[in-house]
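In what follows, a single structure is set out as structure tokens and then discussed.
Where a number appears in this text, it was derived from the coordinates with a stated rule and is not lab data. Predicted, not measured: the structure shown is a model, and the values here were computed from it. We place every Cβ from the backbone using ideal geometry, glycine too, and count neighbours over all the protein chains shown.
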Amino acid sequence: MTGFRDSAADWPSLRVADWVDTRDTLHMWMQVVGKVRLALAPMVNHWWQVPLYLSARGLTTSLMPHGRRSLDIEFDFCEHVLHIRSSSGDARRIRLAPKPVAEFYRETMAALRELDLPVDIWTMPREVEYAIPFEDDTEHASYDPEHAHLFWQQLLGAHRVLTEFRSRFVGKVSPVHFFWGAMDLAVTRFSGRTAPEHPGGAPNCADWVMVEGYSHELSSCGFWPGGTGEGFFYSYAYPEPAGYAQHAVRPADASYSPEVGEFLLPYETVRTAVDPDATLLEFLQTTYEAAADNAAWDRHRLEGAPA
């Protein structure tokens, strides 16, 4: 990394309890948009065609094909607008403001039809215990623009460090992407070996979805805005090798959670560190080593040192 940064700007404070209503509504809005991407994008291994991506203003689908035309959809957390843009030059804007998921769903589908880009999606949310079809969801209706903007800033800091961590691996590695199912920013490294069939079990998600996602041995890490405090950075391995949970990792506040089968590091630990980026990199590196060393990955072949 190149020197210290202004951690107050790069790593803002945002307690989960203070924005949980906005978070849960935004999660469902993201699932609406994410399912549009799922419906349009060609299949890629591990479902890499479905996530959203960080942009200079929020989160975007990136370019999606629609017949001979293309479009993208972007959550703009600076102007608080959903942009729907067609390759023909036409566009629609949907205001991000307190409104039920059902209204957001109707507005998004109507805008796509107006652009002559209709899309049919399955309207049941995925990977959540309490799932309400989008068209019937009038319970989630909160949106605080300040909190949405702070969350995006949290993601920007995490994305910057995850991108640097990703650059150190020359084996198969995912993009840094935002999975709208669980609402987490993640990057995943692979050993190159196949994995035993995943048992599934994610709520409102078919087991075969998880089988595809975890078809190969991996070490995955990221940021999740849930739990207590201000969210967590996490790291896990599939399959989890013997000795993984007992492996020494850093910094001192990092620990293995038997309940979720992951190493966790509180966001606050990173935010309040003298060098937040270096602190997070230390967590990512040592938890990756817990997976790679205990599962005997060929680290010499898989790791690199970009100039």
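Can you bin every Cα-Cα distance in the chain into 10 Å intervals starting at zero and give me the percent of pairs per bin, rounded to whole numbers?
Bin by bin from 0 Å, the calculated values are 6, 26, 34, 24, 9, 1.
If we count every other residue with Cβ under 15 angstrom of D116's Cβ, Lys/Arg +1 and Asp/Glu -1, where does the sum land?
For residues surrounding D116, the net value is +2.
How high is the relative contact order of the chain? Use alpha-carbon pairs under 8 Å, at least six apart in sequence, and give a whole percent.
Computed over the chain, the figure is 18 percent.
Would you mind getting the Kirkwood hydrodynamic radius of the range 148-302 from its Cα pairs, rounded to one decimal in Å?
Final number for the Kirkwood radius of the range 148-302 is 15.9 Å.
Testing the spin-label approximation: label points 7 Å from Cα along Cα→Cβ at D120 and R69. State their distance in nm.
For D120 paired with R69, the spin-label model returns 1.9 nm.
Taking the range 262-293, which chymotrypsin sites (Phe, Trp or Tyr not before Pro) meet the DSSP loop condition and have no more than 10 other C-beta atoms within 10 Å?
Hits after loop and neighbour filter: nothing returned.
Using the charge dipole of the range 148-302 (Lys, Arg: +1 at Cβ; Asp, Glu: -1 at Cβ; taken about the Cα centre), state which of P266, A292, G171 has its Cα farthest towards the positive end.
G171
Using 1/(1 + (r/R0)^6) with R0 = 41 angstrom and r between the beta carbons of V211 and C78, what's the FRET efficiency to the nearest 0.05?
0.60
Tell me, what does the Kirkwood hydrodynamic radius of the range 19-136 come to in angstroms if you use every pair of distinct C-alpha atoms?
It is 14.6 Å.
Just need the relative contact order of the range 1-101 here, percent rounded to a whole number, with Cα pairs under 8 Å and 6+ apart.
After rounding, I find 15 percent.
Quick check: Cα centre of the range 55-75 to Cα centre of the range 252-297, how many Å?
First find each Cα centre; the distance between them is then 32 Å.
Using a cut-off of 9 Å between beta-carbons, work out the net charge of the residues near S174 (Lys and Arg +1, Asp and Glu -1, S174 not included).
Taking every Cβ under 9 Å from that of S174, the sum is +3.
Can you list the GluC sites (Glu not before Pro) in the range 219-307 that are in a DSSP coil and have 15 or fewer other beta carbons within 10 angstrom?
E259
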